[in-house]
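Presented below is the structure to which this report refers.
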């Protein structure tokens, strides 16, 4: 089970997140099964993962190093590695653009 606000993995049946303190929406009392044809109450795994990724990105934009260290401490390397790949591509494109511009200037000066 994961916190719907910050995405931290929680013990099953936790009423509050140990990391951010927000209520998880789960009570300690067992819930009855939903009637047939009706979806179970509570957030889906995809929604929890999306919310965890959004919370990470918000933290990452504020302080990238601290956010990455927090993910590593939780033994979750997926998001930091994806962001590292994105940063590498963006830096590569910026470098390509810069070098293309410099080559254009050199060609222009050589023709002059």
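None of the figures in this text is laboratory data; all of them are computed from the coordinates on show. Since this is a predicted model, take the numbers as computed values, not measurements. With ideal geometry, Cβ positions are generated from the backbone for all residues, glycine too; neighbour counts draw on all protein chains shown.
Overview of results
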quantity	calculated
Estimated distance in nm for a label pair at residue 50 and residue 84, the labels positioned 7 Å out from Cα along Cα-to-Cβ	2.8
Radius of gyration and maximum dimension Dmax of the stretch 51-112, Cα, Å	18.4, 59
Contour minus Cα-Cα distance for residue 18 and residue 107 (0.36 nm per residue)	25.9 nm
